[in-house]
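The values are calculated or read from the model by the stated rules, or taken from the named source; none is laboratory data. Quick caveat: nothing in here was measured; it's all calculated off a predicted structure. Because the Cβ atoms are built from the backbone with ideal geometry, glycine has one as well, and the counts that use them run over all protein chains shown. Protein only, heavy atoms only, side chains kept; ligands, DNA and RNA dropped before computing areas. Shrake-Rupley method; radii C 1.70, N 1.55, O 1.52, S 1.80 Å.
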Amino acid sequence: MKWKIHIIEEFKYEKHLFFDIIKNFNTLGCLIFKERNTLRKIHNDVLGTLAVKSFKKPILINQYIYSTFRKSKAYRSFYNAKFLLSKNINTPKPIAFFEQKKGKKLIHSFYFSEYYNYDFTFRELIEKKEMFADWNIILQKFTEFIYKMHNSQILFKDLSPGNILIKKINNLYEFSLIDLNRMAFKDLSWDERLQNFIRLSMTEDMINIIGKTYAKLTNRNEMETIKILIDKNQIYLTKKSQKQKFKKLIGKK
Ligand SMILES: Nc1ncnc2c1ncn2[C@@H]1O[C@H](COP(=O)(O)OP(=O)(O)OP(=O)(O)O)[C@@H](O)[C@H]1O
Ligand SMILES: [Mg+2]
């Protein structure tokens with residue numbers, strides 16, 4: 001087994017600390033998320049408080065692909081985060097990535113970033129609307145944040161509720177994006193810009209605010225923009241429910 005590693009300048013002499021974390025990954029800190037991948041919040045006196053993501057071992061074909069033609073998810077998470085920060089788009093500071101290879105196969109990979117002490121995610125805005133006195137304002141600010149990202153020629157393909165962390169600082173809201181391995185960097189068409197909001201699973205009230213704000217920022221017609229978002233959202237929801245029915249049918253869920 002061979003390791004390919006990359007650590008930010010500040011911690012370049014602390015390689016051993018990262019390996020200690022990897023070796024004891026399952027017992028250190030606390031578990032914050034486990035589905036496909038596993039995330040743990042781990043504090044280290046030198047490195048600070050980290051979010052460490054251990055990526056699920058890829059299926060055999062992808063073990064080869066990620067080791068040869070394509071960059072691993074850990075690699076892409078690291079460099080995409082660095083790029084976002086260079087454009088002043090907030091994301092937890094990238095710290096390191098480690099890839100373990102066996103011959104031409106990628107076996108394990110880890111992404112280390114700073115732990116971001118957020119107050120809520122976009123998901124709570126959907127599910128617990130009544131808890132937020134500033135609900136409208138948060139969504140307007142969120143739309144401005146995404147507009148700034150689109151204008152920086154960044155398409156975040158995984159713009160989904162759990163990937164948007166939000167923190168209230170005094171009376172302002174700070175947004176931070178995570179799970180950055182799927183991005184594209186290019187000029188975005190009007191259609192791509194609106195399509196980008198769809199994986200958020202927005203409610204109708206959300207579409208109204210987000211559509212209106214985005215239309216204002218881009219000098220478009222508000223009603224038309226909202227209409228396009230409603231139509232796209234409907235198509236998305238229909239496809240999603242068809243997929244779920246199909247999964248149930250083949251016993252996958
Ligand atoms: N840097 C971080 N700081 C604080 N919390 C984090 C950080 N990174 C991830 N998390 C927490 O872990 C959760 C999952 O992270 P992430 O989206 O990267 O995992 P994932 O396995 O790709 O999830 P999914 O496949 O559902 O998108 C986030 O919703 C968030 O609650
Ligand atoms: Mg995610």
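The table that follows gives values for the structure above.
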item	result
Selected residue (criterion: nearest to the chain's Cα centre (by Cα)) from residues of region 162-171 that are at pLDDT 95 or above and more than 9 Å from ligand 2 (Cβ to nearest atom)	I164
Per-region count, region 23-73, residues touching a residue at least 40 places away in the same chain (Cβ under 8 Å), within 17 Å of K4 (Cα to Cα) and within 15 Å of ligand 1 (Cβ to nearest atom)	7
Among the candidates E114, E99, residue that is within 22 Å of the chain's Cα centre (by Cα), more than 30 Å from I146 (Cα to Cα) and acidic (D, E)	E99
Elements of type strands (runs of 3 or more DSSP E) in region 39-128, at least 2 residues being within 16 Å of ligand 2 (Cβ to nearest atom)	48-55, 105-114
L188 open to solvent by less than 100 Å² (accessible area, probe 1.4 Å) and under 29 Å from A74 (Cβ atoms)	yes
Which numbered condition Y79 fails, given (1) open to solvent by 30 Å² or more (accessible area, probe 1.4 Å); (2) within 13 Å of ligand 1 (Cβ to nearest atom); (3) closer than 27 Å to A184 by Cβ	(2)
Test for I21: is it assigned by TED's automatic domain parsing to the domain that holds E99 and assigned to a helix (DSSP H, G or I)	yes
Selected residue [basic (K, R), at pLDDT below 95 and either within 20 Å of T38 (Cα to Cα) or in contact with a helix residue (DSSP H, G or I) (Cβ under 8 Å, 6 or more places away or on another chain) (or both)] from K129, K93, K105, K73	K105
Test for E174: is it over 25 Å from K53 (Cα atoms) and open to solvent by 30 Å² or more (accessible area, probe 1.4 Å)	no
Tally of residues being open to solvent by less than 10 Å² (accessible area, probe 1.4 Å) and within 16 Å of ligand 2 (Cβ to nearest atom) across region 129-161	2
